1. Which residues, taken from the stretch 39-78, are modelled with pLDDT of 90 or more and either of a type in the set (Phe, Trp, Tyr) or in contact with a His (Cβ under 6 Å, 6 or more places away or on another chain) (or both)?
2. When the stretch 129-158 is examined, which residues are found to be modelled with pLDDT of 95 or more and assigned to a loop (DSSP other than H, G, I, E, B)?
3. Please determine, by comparing only the residues of the stretch 79-100 that are open to solvent by 20 Å² or more (accessible area, probe 1.4 Å) and either touching a Pro at 6+ places or on another chain (Cβ under 8 Å) or of a type in the set (A, V, I, L, M) (or both), which one is modelled with the highest pLDDT.
4. Across the stretch 101-121, which residue is modelled with the highest pLDDT among those that are touching a helix residue (DSSP H, G or I) at 6+ places or on another chain (Cβ under 9 Å) and not in a strand (DSSP E or B)?
5. Look through Val229, Val235, Val215 and report the one residue that is under 15 Å from Gly59 (Cα atoms), part of a strand (DSSP E or B) and open to solvent by less than 30 Å² (accessible area, probe 1.4 Å).
6. Which one of these is open to solvent by 10 Å² or more (accessible area, probe 1.4 Å), aliphatic (A, V, I, L, M), closer than 27 Å to Arg79 by Cβ and outside any loop (DSSP other than H, G, I, E, B): Ala196, Ala204?
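The values are calculated or read from the model by the stated rules, or taken from the named source; none is laboratory data. Model, not experiment: these values are computed from the prediction. All Cβ positions, even for glycine, are placed from backbone atoms using ideal geometry, and neighbour counts span all protein chains on display. What goes into the accessible areas is simple: the full protein's heavy atoms, side chains included, and nothing from ligands, DNA or RNA. Shrake-Rupley method; radii C 1.70, N 1.55, O 1.52, S 1.80 Å.
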Amino acid sequence: MPFGEQPAYLRVAGDLRQKIVDGVLPPHTRLPSQARIREEYGVSDTVALEARKVLMAEGLVEGRSGSGTYVREQPVPRRIARVGFHAVGGCTPFRQEQTDERVRGTWESSSEQEAASSAVAGRLRIPPGGRVMRTRYLFRAEGEPAMLSTSWEPLDVTGRTPVMLPEEGPLAGRGVVERMAAIDVVVDNVIEEVGARAALAEEAMALGGVPGHAVLVISRTYFAGGRPVETADIVTLADRYRVAYHLPVK
């Protein structure tokens, strides 16, 4: 194949993609059948099938059992605002993850002690297998699933203190900064890394997406005097949200 020449299935997928983008195939319209694609583009059944697979992988179309393949309605991306760590003052877990004050939200959570995996231990700078409190969150914005978060806190910092369980006790539902301050641990820095990967099936189900579609992953760690005191992975659907950072000029 000459350099720069696309395989037939990508050329077909590209033409169908453009029709979707231009509105020739609007949302909820049935995608041309495999036989129709074969006839219209003069390609084989295999090429037609692969082209449809490309559009499904890109999240542009979805299969409906017993009905066919339809153009998906593309969501208008919302913003997740990030401004770093919060000073003491009543920051909730939802506000910790979404600092846009115009967005109202709630959360569900569950906590459990576990042995830190090697990856979590590395982020918290504790020995592998060290005891941590793992808390899983599902955040809803305006009633709709928006973000998943899994956080880990080393129990040699919070164990046997009133804030050992993030969602129980006198500071239940407060953010990391305020909870740590209550046990004389002063959070003074936070580092976030943003990446992307394919959604796990359970993540897509919880967020209302499609397995395999891209998610944004914000890996965050809070520090107190250079020591990690909490680390978390925040996951959201990449086609529904954009991460906006407010960076102060010094």
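1. Passing the criteria: Tyr41, Tyr70.
2. Once the filter is applied, which keeps residues that are modelled with pLDDT of 95 or more and assigned to a loop (DSSP other than H, G, I, E, B), the stretch 129-158 yields Gly129, Gly130.
3. Val83
4. Ala116
5. Answer to the check: Val215.
6. Just a single option satisfies the conditions, and that option is Ala196.
One line per residue, one yes/no per condition, for (1) in contact (Cβ under 8 Å) with a residue 12 or more places away in the chain; (2) farther than 18 Å from Asp239 by Cβ; (3) in contact with a Gly (Cβ under 6 Å, 6 or more places away or on another chain):
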{"site": "Ile20", "(1), (2), (3)": "yes, no, no"}
{"site": "Gln34", "(1), (2), (3)": "yes, yes, no"}
{"site": "Glu40", "(1), (2), (3)": "no, yes, no"}
{"site": "Val61", "(1), (2), (3)": "yes, no, no"}
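Condition check ((1) at pLDDT below 95; (2) under 23 Å from Ala116 (Cα atoms); (3) of a type in the set (Phe, Trp, Tyr); (4) touching a Pro at 6+ places or on another chain (Cβ under 8 Å)) across all residues:
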{"position": "Ala204", "(1), (2), (3), (4)": "yes, no, no, yes"}
{"position": "Pro211", "(1), (2), (3), (4)": "yes, no, no, no"}
{"position": "Ala224", "(1), (2), (3), (4)": "no, yes, no, no"}
{"position": "Pro228", "(1), (2), (3), (4)": "no, yes, no, yes"}
{"position": "Thr231", "(1), (2), (3), (4)": "no, yes, no, no"}
